[in-house]
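Okay, so here's the structure we're looking at.
The values are calculated or read from the model by the stated rules, or taken from the named source; none is laboratory data. Worth saying up front: this structure is predicted, and the values here are computed from it rather than measured. Glycine also receives a Cβ, built like all others from the backbone with ideal geometry; neighbour counts cover every protein chain displayed. Side chains included, ligands, DNA and RNA excluded: accessible areas come from the protein's heavy atoms. Shrake-Rupley method; radii C 1.70, N 1.55, O 1.52, S 1.80 Å.
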Amino acid sequence: MIDLRSDTVSQPTDAMRQAMARAEVGDDVLGDDPTVRRLEEASAERIGKEAALYVPSGTMANLLALLVTCGRGDEAVVGSESHILHHEAVGASALGGISLRSVANDDRGRIDPDEVASVVRAPAAAPRTVLVCLENTQNRCGGAAIPLDSMRGAAEVARGAGAAVHLDGARIFNAALALETDAATIAGLADTVSFCFSKGLGAPVGSVLTGPREVIDRARVLRRQLGGGMRQAGVIAAAALHALEHHVERLSEDHERAARLADGLASLPGGAIDIDAPDTNIVFFEIDDALDGVEFRERLAAEGVLCSGTGPQRVRMVTHLGVDDAGVEGAVAAARRVVESMRAA
């Protein structure tokens, strides 16, 4: 099976499992887990922030950023295609009483600073706009790496209005690679930054929220309120630490394979697929309306290739450390067989 549904499906490497087996552990809720502490320190240093907090998921990391910055009745501005808006079960509203107001992401994931300025409310307004959330890479917009100038423009508008800036940097190392910069430079545009170990970095579980120490100290209390306090978490933190130390540089392999995957799919007969060159490891494409996109995915699964989609005709494939060159070639060959059989039907 060639599993291209997400980079979250990757399996721990043998070296990662060994790191987990020999991890030093303690009670992390009591602050006693040395491996978690090392991971948090390494994460903060890598991203250029004062402190970090290890949490079970990127969704919790983003939620904590919202909760620690916004009060009940406050407003946060998010992108119309943001993960926070579409894929986090409206936790900000349900648990924090926070209103989410959206501004448009264009087809490459960018947000127009002028539109941010048009929706940010005055400090005396109700609700107050106290946070602007950015995302890089932008998942639903093809895994696009958002240029620094675009991020900077939105961040400057936010700060000019007295609002803080949070970056959902789930795949920030993919963004840094695509933009030919480093993660700390991207993170420097935001007050708080989250990133995931369980996506391209290939760890089985976990994310971090990074930012000023005072903010992270308050987030640590909120993490426990959300049920995110973990005990001997060093076992999983060891995998995340191994990923941070050994898997960042190899992300270029995923990008190269995504580009080859996109090229192969673009060559399918009859213009069956409309595809843009990917920035990173996420490939989105549209199936020709003459073919049924749901049927395409079902037939592809029967051929041993799994993928996902955000609409009936929109398909998503993601490369990761569990997909080698043969997997890319196999996926393209299977897609060709499916398209040819559907055309012939």
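Key figures
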quantity	calculated
CD proxy at 222 nm, helix term only [per DSSP H run n ≥ 4: -39500 (n - 2.57); per residue of the chain; nearest 500]	-13000 deg cm²/dmol
Lys, Arg +1 and Asp, Glu -1 on Cβ, resulting dipole of the chain about Cα centre, debye, nearest 20	940
Low-density loop positions, GluC sites (Glu not before Pro), segment 96-195 - DSSP coil, at most 11 other Cβ in 10 Å	E180
Amide H partners (placed H, <5 Å) of A144, local residues excluded	Q138
Size of electric dipole in segment 100-215: Cβ of Lys, Arg +1 and of Asp, Glu -1, about Cα centre, debye, nearest 20	320
Global size of segment 176-228 as Cα Rg and Dmax, reported in angstrom	13.2, 39
GNM result for the chain, Cα springs below 10 Å: residue of A51, A302, A61 fluctuating most strongly	A302
Separation of alpha-carbon centers, segment 131-149 and segment 162-183, rounded to whole Å	8
Tilt relative to the chain, helix 234-246 - C-alpha long axis, 0 to 90 degrees, to 10	70
Net +/- balance of residues flanking A237 in space, Cβ distance below 11 Å, scoring K and R +1, D and E -1	-2
Taking the chain and dividing mean pair separation by its residue count, relative contact order in percent (alpha carbons under 8 Å, at least six apart)	24
Mean projection area, nm², convex hull over Cα of segment 4-82	8.3
Cut-off 16 Å, label 7 Å out along Cα→Cβ of H87, residues of segment 141-183 by amide N	141-146, 167-175
Radius of gyration and maximum dimension Dmax of the chain, Cα, Å	20.5, 64
Whole-percent carbon and sulfur share, accessible surface of the chain, 1.4 Å	49
Estimated Rh, segment 92-230: Kirkwood, alpha-carbon pairs, angstrom	16.0
Table column - 3J(HN,Hα) (Hz), segment 252-258, Karplus curve with 6.51, -1.76, 1.60, x for Gly and Pro	4, 5, 5, 5, 4, 5, 4
Local electrostatic count at M16 - Lys and Arg +1, Asp and Glu -1, tallied over other residues with Cβ under 14 Å	+1
Over segment 162-308: Kirkwood hydrodynamic radius from C-alpha pairwise inverse distances, Å	18.1
GNM flexibility winner over the chain from F296, F173, F284 (Cα, springs under 10 Å)	F296
Residues of the chain: accessible area per residue with a 1.4 Å probe, Å²	40
Inter-centroid distance (Cα atoms) of segment 1-69 relative to segment 94-120, Å	28
